[in-house]
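Read the figures in this text as sums done on the coordinates, not as results from a lab. As the structure is a prediction and not an experimental result, all values here were calculated from the model. Every residue, glycine among them, receives a Cβ derived from its backbone with ideal geometry; neighbour counts consider all protein chains shown.
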Amino acid sequence: MKIISGKELPKSFFAYKDEDASEAVSEILEDVKRSGDEAVRKYTSWFDGVDLENFVCSAATIKAAYDQVSNASIEAIQKAAENIRKFAKVQRNSYNDFEVELTPGVRTGQRITPIERVAVYAPGGRFPLVSSVLMGGIPARVAGVKELVVCSPPGSDGKIHPAILVAADIVGADEVYCIGGAQAIAALAYGTETIRGVDKIVGPGNKYVAEAKKAVYGIVGIDLIAGPTEVLVIADDNANPEILAADLLAQAEHDVDALAILVTPSRQLADAVKNTVETQLAKLKNRETAAASIATNGVVVLVDNLAEAVAIANRKAPEHLEVQVENPADIRDDLKNFGALFIGEMSAEVLGDYSSGINHTLPTNGTARYRGGLGVQDFLKIQSTLQVTKEGFAEIAPIAEMMAETEGLGAHGKAVTARKKLLK
C-alpha cells in the first residue's frame, strides 16, 4: 500500500477511467437484436459454458431454491429487505404531486408516475450479489413499478444461484431469467421471442455489462455506469487502525481494480494502517484478489489538515466516503461529492452494502459529482402539467410570442397568435 503526499497526487488520481469494451459488446448487441433467443443461447454457451434451451426460471424452480439456502441466510435476506423497504418508503413519501397557480390563470403542476416495466440485473460469478436484487427490486416496487424482471447469469450447473432466486422471490419479481452478460442487457433492451423488452435496466455488472448498458441507453433507461468499487476514508489520529484496515480490505476483495484510499493528516496512523493491512491480508479468504487491489490501487494520502482531506474527497467524488475523525460534525457539511457517506467509527460501509436500509448501487469513477445512489426516484417519472385560462393566456402569451420571434421560430409564434381571437 503506497503512502503519498496529497500535494503530489497525479492528475490520473482524479481522472475518469474509461474501459472501452465497445467493439466486443456492439457485436453481441446487434446479434441479439437480430437473432433473439438463438443469439442469447449462443453467447451463454460461449461465455458461461452452459447450453440452455430454456432460460426462464419457473415458479417451481424459485420455490425449490429455498431448500438450498440456509434458514439463517434467508432470515438475513428478509431482514435486510425490510430495512431497505422502510428507507425506500420514506424516499417515496418525499415525492408528491402538486398544482400551483404561478400567475392568475396559469396553473402548473407536477405528477409522479412510476415506470411500468423494470429489469434488475444481478451479477453471479465468484460472488452472487444477492443484495443487488434487493437494492434494485425493492425501491422499484415501492415506487409502484408494475412489472419487475430479475436477470442473473447461470453458474457452471446451468442455474442461477439459489440465494439470488430467494431474493428475487422476496422482492416480488414477476419474471426471472437465467442469462447474464452483454447478451442479457441486449435481450432486456430489444426483447426476444422469450423476453419482452423493459423500460429501464438497473444493477451492477462487469465492464461488458456496463458497456452494454451504455450502448442501449436511449432505447431503455439505465441507472448508472458502474465501474470498479471505491472507498475513501478520511481519518485522524483518533481512528482505529484495525477498523480502517478492515474497511479498506472489504473493498479491495471485490476486484483487483477496486480502489481503497485513506486520507489522513497523521503519519503515525498511515504507517499503522499500512502494516495492519498487510497483517489482515494474510488471513483473508479472498487475499489474492485483495492483495492485487491493494498493491495496484491501495493508497494512503498524507495531508496537512482535514480541510485538505475534504478538498481531495470532493474532487475525487468517491462511491463510498467514510469519516472516522474525532469530531465528524466539523467537516460533515463541507463534504459534497460522494455516493454514500458513512459518519463515525460504527458506520461501517459494509452496513450500507447489506443491512442498514440505504442503497448500495452507487455512482463510481467520479460520477458522484452529478448524481447520488439508486433510489425510489430512479423508478419514477416526474412529469409537468399546464392548464391556462384566457386570463392567464393574456398574461404570458406576449412573452411566448417575443421568445419565438427571438429564436426565429415563426410557427411557434403563430401557435400563440391563433388563440388570440379566443380572448375577444
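Looking only at the stretch 1-27, filter to residues that are more than 20 Å from the chain's Cα centre (by Cα) and surrounded by fewer than 10 Cβ atoms within 10 Å (Cβ to Cβ); which one of those is farthest from Leu248 (Cα to Cα)? That would be Glu23. Sub-9 Å Cβ pairs linking a first residue in the stretch 216-245 that is more than 22 Å from Ser293 (Cβ to Cβ) to a second residue that is in a loop (DSSP other than H, G, I, E, B) and of a type in the set (D, E, K, R), at least 6 apart or interchain, are Val220/Asp199; Gly221/Asp199; Asp236/Glu326; Asp237/Glu326; Asn238/Glu326; Asn238/Glu345, ordered by first then second residue.
If you go through the stretch 338-359 and keep only what is under 22 Å from Phe14 (Cα atoms) and within 16 Å of the chain's Cα centre (by Cα), you end up with Phe338, Gly339, Ala340, Leu341, Glu349. Considering the conditions (1) in contact with a Ser or Thr (Cβ under 9 Å, 6 or more places away or on another chain); (2) in contact (Cβ under 8 Å) with a residue 12 or more places away in the chain, Val100 is excluded by exactly one of them, (2). For the stretch 344-361, a residue qualifies if it is in contact with a strand residue (DSSP E or B) (Cβ under 6 Å, 6 or more places away or on another chain) and farther than 20 Å from Gln91 by Cα, and the qualifying residues are Glu345, Glu349.
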